[in-house]
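Below is one structure; the comments refer to it alone.
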Amino acid sequence: MPLINKVRFWWDEDAGCYDLELLDKEATVADYERVSEQVLMEKDALRRYSANCIGCSICCGGRLPLTVIDVYRLKMGGLGTGLPLDSWVETYGSIERQNRCLDIALKLDAYETCALWDRGRGLCGVYESRPLVCRTYICAPLSWRATELRAQVVNTGEDELANMLGIGNEDERPKRLPPFAGVLDYRAVMLLDVCSSRLWHHLTESLR
Ligand code: SF4
């Protein structure tokens, strides 16, 4: 059966960046993630940015935020499978607070690279179960809506992780988190429920 994409992700030659739009209002985070991975594997994308890849591993460093589903998928993939959520985050993650913002991310090593990066082999140590932020990273310019979609999905899933960990002041925590609450698979998270109305408007322009 042919794969019907509900998300379109392409290189916009005129704008000089990757752009993204929805082809179906029922699209889920899993659709977005799958299309991102497809784009990364395309010859055109490989030529566009892998040719310039200097192996700096910058794509595996910096801020690597985690969603609650990322943690579940990593656990299912064998990383700290038996650990309770708080111990898992303590072992493999880091929690930082800046002013009123809380950031839960993958732990970095002494070189500020992801601690799950296998330095000896030059490969991701958890490739099959790597988080959404890794699967949707493209080392090339992105349009505003493509950038914003990635940020809103990750931030919403991260908020739910914080909520499940019971961290942060009660008044800072969102009261209701419908898109990710109690969900363990990106196929069950609708983009409509994650996006702001402004972003949704821009992502669905071609459907109007
Ligand atoms: S999980 Fe893998 S792909 Fe993601 S940042 Fe770490 S090493 Fe890189």
Exercise. Of (1) over 13 Å from the mean Cα position of the chain (by Cα); (2) surrounded by 14 or more Cβ atoms within 10 Å (Cβ to Cβ); (3) within 10 Å of the ligand (Cβ to nearest atom), I95 satisfies all except one. Which?
Worked result: (3)
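Identify the residue in segment 72-92 that is free of Cβ contacts under 8 Å to residues at least 40 places away in the same chain and hydroxyl-bearing (S, T, Y) and, among all such residues, is farthest from the ligand (Cβ to nearest atom). Steps first, answer last, please.
So the first thing to find is which residues in segment 72-92 are free of Cβ contacts under 8 Å to residues at least 40 places away in the same chain, and the list is 75, 80-84, 87-88, 90-92.
Those still in the list that are hydroxyl-bearing (S, T, Y) too: 81, 87, 91-92.
Numbers: T81: 16, S87: 19, T91: 14, Y92: 10 Å.
Within segment 72-92, the match that is farthest from the ligand (Cβ to nearest atom) is S87.
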Exercise. For segment 95-208, which helices (runs of 4 or more DSSP H) that fit wholly inside it have 3 or more residues that are among the charged types (D, E, K, R)?
Worked result: 144-165
For this session: Quick one: count up the residues across segment 111-134 that are charged (D, E, K, R) and more than 8 Å from the ligand (Cβ to nearest atom).
Result: 4
Seminar exercise, completed: Restricted to segment 138-149 and to residues being within 16 Å of R63 (Cα to Cα) and surrounded by fewer than 18 Cβ atoms within 10 Å (Cβ to Cβ), the residue nearest to the ligand (Cβ to nearest atom) is C139
For this session: Enumerate the pairs (first residue in segment 111-139 and in contact (Cβ under 8 Å) with a residue 40 or more places away in the chain; second residue anywhere and among the charged types (D, E, K, R) and near the ligand (Cβ under 8 Å from one of its atoms)) with beta-carbon separation below 6 Å, excluding pairs fewer than 6 apart on the same chain, so at least 6 apart or on different chains.
Result: C124/R130
Exercise. Which condition number does R130 fail, the rest of (1) modelled with pLDDT under 90; (2) surrounded by 18 or more Cβ atoms within 10 Å (Cβ to Cβ) being met?
Worked result: (1)
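The values are calculated or read from the model by the stated rules, or taken from the named source; none is laboratory data. Keep in mind it's a predicted model, so treat the numbers as computed, not measured. Ideal geometry is used to build each Cβ from the backbone, glycine not excepted, and the neighbour counts take in all protein chains shown.
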